Amino acid sequence: MTAWHSGRRPERPALMAEFPSGPALLAGIRALRDLGVSRFDAFTPYEVPGLQEMLGVRRSWLTWIALAVGLAFGGGAYLLQWWINVIDYPLNIGGRPYHSSPAFIPITFEMTVLFGSAAALISAIVLGGLPRLWQPVFEIDGFERATIDRFWLAVGTGDRELDRSRDELALQNAGALRVVWMGGVS
């Protein structure tokens, strides 16, 4: 299940709307955006073209974190090999130079990949807010179909432009199968 959101993820959605397809979900977002609603989250079984742009999703820092950590540890591995072979314990074997960069490349590469991938895994877990074993949306009957064939739109409780009757009518006109209002919102 993919979840795209704009800005802050609504911890407790005010409303959830179920759609039969990706284009209908996009139409629902457009309808609410035209009414001034701005806090969205979407749950889809696969990527919907144009959804990220419509929700204003920013690029993740994950690639930059993995690159920085990989380069730092790769450079550190190269520097360690250089220090050991040139400064700390130089051995003159057959007249070879102390600093032989081709000999340092395999370990440098391996350390770059190892620590870059470990940083990517840890960053994905931390940036994704995992583990999140329960969310309020799990209480909605039929939400498990978001991993199979349904598209869900969540609107956060902090949105001041929410109007129950107006928003429900706009979503139904956009093709929503049903609109579920969460507790405490009138």
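The values are calculated or read from the model by the stated rules, or taken from the named source; none is laboratory data. On a predicted model such as this, the values are computed, not experimentally measured, just so you know. No Cβ is skipped: glycine too gets one built from the backbone with ideal geometry, and neighbour counts run over all protein chains shown.
So if I check each of Pro23, Pro45, Pro49, which one is farther than 15 Å from Ala174 by Cα, at pLDDT 85 or above and out of contact with any Ser or Thr (no Cβ under 9 Å at 6 or more places or on another chain)?
So the residue among Pro23, Pro45, Pro49 that is farther than 15 Å from Ala174 by Cα, at pLDDT 85 or above and out of contact with any Ser or Thr (no Cβ under 9 Å at 6 or more places or on another chain) is Pro49.
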Within segment 122-137, tally of residues that are touching a helix residue (DSSP H, G or I) at 6+ places or on another chain (Cβ under 9 Å) and loosely packed, with under 12 Cβ neighbours inside 10 Å: 2
Residue that is nearest to the chain's Cα centre (by Cα) [pool: residues in segment 31-59 that are in a helix (DSSP H, G or I) and loosely packed, with under 13 Cβ neighbours inside 10 Å]: Glu53
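Yes/no matrix, rows are residues, columns are (1) modelled with pLDDT of 90 or more; (2) among the hydroxyl-bearing types (Ser, Thr, Tyr); (3) in a helix (DSSP H, G or I):
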position: Leu91; (1), (2), (3): no, no, no
position: Gly95; (1), (2), (3): no, no, no
position: Ile107; (1), (2), (3): yes, no, yes
position: Val113; (1), (2), (3): yes, no, yes
position: Ser117; (1), (2), (3): yes, yes, yes
position: Ala120; (1), (2), (3): yes, no, yes
position: Pro131; (1), (2), (3): no, no, no
Qualifying residues in segment 136-180 (those that are among the aliphatic types (A, V, I, L, M) and in a strand (DSSP E or B)) - the one nearest to Pro45 (Cα to Cα): Leu153
Some residue of segment 58-66 being closer than 27 Å to Arg160 by Cα and either touching a strand residue (DSSP E or B) at 6+ places or on another chain (Cβ under 7 Å) or not aromatic (Phe, Trp, Tyr) (or both): yes
Identity of the residue in segment 138-178, more than 26 Å from the chain's Cα centre (by Cα) and of a type in the set (Gly, Ala, Ser), that ends up surrounded by the fewest Cβ atoms within 10 Å (Cβ to Cβ): Ser165
